[in-house]
Number of protein chains: 2
Amino acid sequence: MFAAEPYVSKENLLGWANELGLEFKKLAVQKGEVFLKEKQRCQYFYFIEEGFIRLYYLDLQGHEITHWFSGENMMITSPFSFFKEETNILNFEALETTSLLLISREQWKALSEENENSNRAIRRLSMEFSMQLSRRVMSIHTESAEYRYLKLIKNHPLIFQKANLGHIASYLGITQQSLSRIRKRLAH
Amino acid sequence: MFAAEPYVSKENLLGWANELGLEFKKLAVQKGEVFLKEKQRCQYFYFIEEGFIRLYYLDLQGHEITHWFSGENMMITSPFSFFKEETNILNFEALETTSLLLISREQWKALSEENENSNRAIRRLSMEFSMQLSRRVMSIHTESAEYRYLKLIKNHPLIFQKANLGHIASYLGITQQSLSRIRKRLAH
DNA sequence: AATCCTTTTTACCCTAGGGTAAATGCATCC
DNA sequence: GGATGCATTTACCCTAGGGTAAAAAGGATT
């Protein structure tokens, strides 16, 4: 969120659409409206013409966690859901009356899959990159160090043969001493 | 890091390179070697054939913070430095003897800029997306809530007119009460 | 002005994790 | 075996932030 400058201007976007003969849908939402909800498939890449949006998700205790804020000329989507078939866990809430340009999955493809094989690959890389980052942001944002440690053991046990506990601790965002304490606690 | 499956297989990668007549450089690094250092421009998108890598950066107190771990068939780069001209702050350290395939910036371009305008745009979006996420991961990972709050005020003062303190607190990763306490403290 | 509702602040006590420093463990090298 | 060096654990005390609950402060609305 909050790139120093917007990714791409509205003019750019409309220019490209023109060249390709695409027409973007528009969406107007009222203040307070949640226009994309968790478990709904995210069908669009959203460009915010005007207004202000909050993306949030529910943590393990059911609390609303703000994942992102996004304003004029910014773009948002739920990467897992828009790029892949994965379930959307993000809620998109308008914090003020907002107008959006919608780029559908088909249009996105038209824009990006124009031709080359390699292009598809490169884009795939970028997307995966984004999705992993997104996962990691959520993880650091809300999960406890202990929980993240357990997840790491479960999903990537080999890491403990490769990296030392100091590295792992800082990966988890804690000191080595804290990690040591967590390990002791978990050993009953 | 640690996608459930590798982004792209080595075979894919070499296949595309073949089609385009590209040849990737190889790099072999010893255990313990830091083969990309902060302030050095990151010239490659790295594909790990074999081995294990740690990416770390120095926080405000000068502590090494592990940003990422990456192993066989994974890809890494320093997005700010590889995609843009920004200074690299990441150090790439081999935790075991590692062999890498290097995709230079020129090759990356050859792969991705084959033709369309729109493709460039789409890729730009993905890259920006990644870079912002990357920034946010680092921020949540090491900066205190108070520091992040101050940064938010400085960089996006308008947010305080748009979102309420509850939203902002959870964006910062803390409770509304804690934010309130921080605000009180800062008001002297 | 009185009421209702939402947002924000305070207060109390509790817990996770930090900082410093020392102690232990484990390899390696002589 | 002793010495050196790194990784890990423990211990002590401290701080940031959490949980619950209540109080205060703003808006709206009538």
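The values are calculated or read from the model by the stated rules, or taken from the named source; none is laboratory data. All of these numbers come straight from a predicted model, not from anything done at the bench. Note that each Cβ is placed from the backbone with ideal geometry, even for glycine, and that neighbours are counted across all protein chains shown. These area figures cover heavy atoms from the full protein model, side chains too; ligands, DNA and RNA do not enter into them. Shrake-Rupley method; radii C 1.70, N 1.55, O 1.52, S 1.80 Å.
A few points about this structure:
- Protein heavy-atom accessible area occluded, A/B pair - total, 1.4 Å probe, Å²: 5800 Å²
- Alpha-carbon centroids, segment B:130-180 and segment B:47-83: separation in whole Å: 25 Å
- Viscosity 1.567 mPa s, 4 °C: Kirkwood-radius Stokes-Einstein D of segment A:22-62 over Cα pairs, µm²/s: 103 µm²/s
- At 0.890 mPa s and 25 °C, Stokes diffusion of the protein assembly as shown via Kirkwood alpha-carbon radius, µm² per second: 112 µm²/s
- Entries of A:26/A:109; B:84/B:109; A:10/A:84; B:39/B:84; B:10/B:39 with Cα pairs more than 22 Å apart: A:10/A:84; B:10/B:39
- A:105, A:123, B:41, reordered so the largest accessible area comes first (probe 1.4 Å): B:41, A:105, A:123
- The residues of segment A:55-188 expose on average 44 square angstrom of accessible surface per residue, using a 1.4 Å probe on protein heavy atoms.
- Projected onto its three principal axes, the C-alpha set of chain B covers 63, 42, 31 Å, listed from the longest axis down.
- Residue (of A:171, A:130, B:129) at the positive-pole extreme of the protein assembly as shown, dipole from beta-carbon charges: A:171
- Principal axes of segment B:52-96: Cα extent on each, largest first, Å: 30, 26, 11
- Shielding value for B:139-151 is 2, the average number of Cβ atoms from other chains within 10 Å of each residue's Cβ.
- Coupling constants for segment B:92-98 follow from the phi torsions by the Karplus curve (6.51 cos²θ - 1.76 cosθ + 1.60, θ = phi - 60°), and in residue order they are 9, 10, 7, 8, 8, 4, 9 Hz; glycine and proline get x.
- Each of residue A:187 and residue B:124 was given a label point 7 Å from its Cα along the Cα-to-Cβ line. The distance between the two points is 5.5 nm.
- Pairs of C-alpha atoms in segment B:118-188 farther apart than 15 Å represent 62 percent of all such pairs.
- Peptide A:155-162, shielding by other chains (average Cβ, 10 Å cutoff): 3
- Kirkwood estimate for segment B:18-118, i.e. one over the average of 1/r between Cα atoms, Å: 14.3 Å
- Of the solvent-accessible surface of chain A, computed with a 1.4 Å probe over protein heavy atoms with every protein chain present, carbon and sulfur atoms account for 49 percent.
- Segment residue A:175-residue A:110, length gained on full extension (0.36 nm per residue, minus Cα span): 18.6 nm
- For chain A: relative contact order, % (alpha-carbon pairs under 8 angstrom, 6 or more apart): 22 percent
- Taking amide H positions as modeled 1.01 Å from N, with prolines and chain starts lacking one, the residues under 5 Å from residue A:65 and 5 or more places away or on another chain are A:57, A:58, A:59.
- Most to least accessible of B:153, A:174 (protein chains only, probe 1.4 Å): B:153, A:174
- Mean separation of Cα contacts under 8 Å (6+ apart) over length of segment B:44-102, as relative contact order %: 51 percent
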